[in-house]
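What follows is calculated from the coordinates using simple rules that are stated; it is not laboratory data. Since we're looking at a predicted model, the values are computed, not measured. Glycine also receives a Cβ, built like all others from the backbone with ideal geometry; neighbour counts cover every protein chain displayed.
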Amino acid sequence: MIAPVAYRHCEEVTRSRAGNFYYGIRLLPPPKRRAMCAVYAFARRIDDIGDGTSSPDEQLRSLERARDDVSSIMPASPDPVIAALGDAAARYPLPLQAFVDLIDGVEMDVRGERYPSFEALEVYCRRVAGSIGRLSVAIFGAGRPEEAASLSDDLGVAMQLTNVLRDLREDLARGRVYVPADDLTRFGCDPQLEAADPASLGAVVRFEIARARSWFDRGLGLLPLLDGRSASCVGAMTGIYQRILAKLDRRPAEALRGRISLPAWEKAWVAARSVVGVPG
C-alpha cells in the first residue's frame with residue numbers, strides 16, 4: 001500500500017482511539033506525527049487483542065501472529081498499519097524489540113497475572129508503556145539517545161501507574177487487579193477492592209499517586225534532551241496524566257466509581273500551555 005494512504009489510515013486510528021496521546025502527537029511536525037501514528041496504530045492493535053472478548057487461547061494465538069508481524073514489517077505490506085510502520089522504520093531507528101516487549105506485557109494480561117510487589121508491577125509497566133516511550137524517543141531524536149531512552153521508559157512507568165488508578169473500576173470488571181498486593185496489605189485494604197473500606201482504599205490510592213509522581217519527576221528529565229516540538233508533545237501527554245493524578249488526589253474514592261478523565265477543553269488547554277513551555 002502506498003505510504004501516504006497507509007499513514008492516513010494510522011492517523012484516523014490515532015485520532016479516534018488515542019484520547020490523551022493525540023493531544024501531544026498533533027503538536028509534532030508532519031513526518032514525526034505520521035511515524036508516531038503508525039506506532040500508535042500497531043500498539044492499539046496489540047492492546048485490543050488483550051482487551052477483546054475472545055477466549056484466552058485465541059488471544060494468545062493472535063499475539064503470536066502479532067509477533068510474526070513485527071518480524072515482517074515492510075513498506076510494501078498490504079496491511080496499512082504494517083506498511084506505515086515499515087516506512088517509519090526506514091526513516092527512524094525504531095527499536096522493534098519494543099513491540100515484542102509490549103506483546104509480552106499484553107500476554108501477562110491475558111494470563112491474568114497479579115502483582116505481589118511493585119517490583120513485579122514495574123516489569124509490566126516497562127513492557128506495556130516504557131516500550132512506547134522508547135519507540136517515541138527514536139522518532140523524536142535526542143542528543144543523548146541512551147539516556148533519553150531510559151528516561152522515556154521511566155515516564156512510561158509513571159503513565160502506566162496513572163492508568164492503573166484511572167482504570168481501577170474498568171479493570172476490576174475484567175478481573176484484573178494491578179495494585180501490588182503488598183501495598184494493599186500495608187494499608188489494610190481488602191484485596192477484593194469492591195469490598196474495601198473507603199479510608200483504606202483512599203490511603204492506597206494516595207500512596208500510588210505519590211509513587212507515580214516520583215516517576216514523573218525523574219522521567220521529565222527527558223524534556224531538555226528533546227527539540228522544542230518533541231518536548232511540547234511529551235509535555236502535553238504527561239501534563240494531562242498529571243492532572244488526572246491531581247483529580248484523583250482530591251477524591252481518591254472516585255477511583256472505584258468510574259474512569260477518571262479530563263474534558264476535551266482541559267486537554268487542549270494543557271497542550272497549548274506545553275507549546276509555550278508552561279507545565280500542565
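Where nothing but the Cβ of Lys and Arg (+1) and of Asp and Glu (-1) is charged, how large is the charge dipole of region 3-275 around its Cα centre, in debye to the nearest 20?
On the way: 37 positive and 37 negative charges, 235 e Å.
The dipole of region 3-275 has a size of about 1120 debye.
Let me know the shape class of region 157-280, please: from the alpha-carbon gyration tensor, a ≥ b ≥ c as square roots of the eigenvalues, rounded when a/c is under 1.5, otherwise prolate if a/b is greater than b/c, or oblate.
prolate
Whole number please: convex hull volume per residue of the Cα set in the chain, in Å³?
Enclosed volume per residue, from the Cα hull, is 117 Å³.
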DSSP-loop trypsin sites (Lys or Arg not before Pro) across region 128-235, with at most 14 other Cβ within 10 angstrom: ARG174
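So what's the net charge close to ARG211: Lys and Arg +1, Asp and Glu -1, counting the other residues with Cβ under 14 Å from its Cβ?
Working: positive: ARG186, ARG206, ARG213, ARG218; negative: GLU119, GLU122, ASP154, ASP182, ASP183, GLU208, ASP217, ASP249.
It works out to a net charge of -4.
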Is the shape of region 1-114 rounded, prolate or oblate, going by the alpha carbon gyration tensor and its root eigenvalues a ≥ b ≥ c, with a/c under 1.5 for rounded and a/b larger than b/c for prolate? prolate
Once the dipole of the chain is set up from charges on Cβ (+1 Lys and Arg, -1 Asp and Glu), the residue from the list VAL100, SER77, CYS189 lying farthest towards its positive end is SER77
Distance from the Cα centre of region 129-181 to that of region 12-43, in angstrom? 16
If each DSSP helix of 4+ residues adds -39,500 (n - 2.57) and the sum is divided by the residues in the chain, what number results at 222 nm, nearest 500 deg cm²/dmol? -22500 deg cm²/dmol
About the Cα centre, charge dipole magnitude for region 167-280 (Lys/Arg +1, Asp/Glu -1 at Cβ), debye: 380
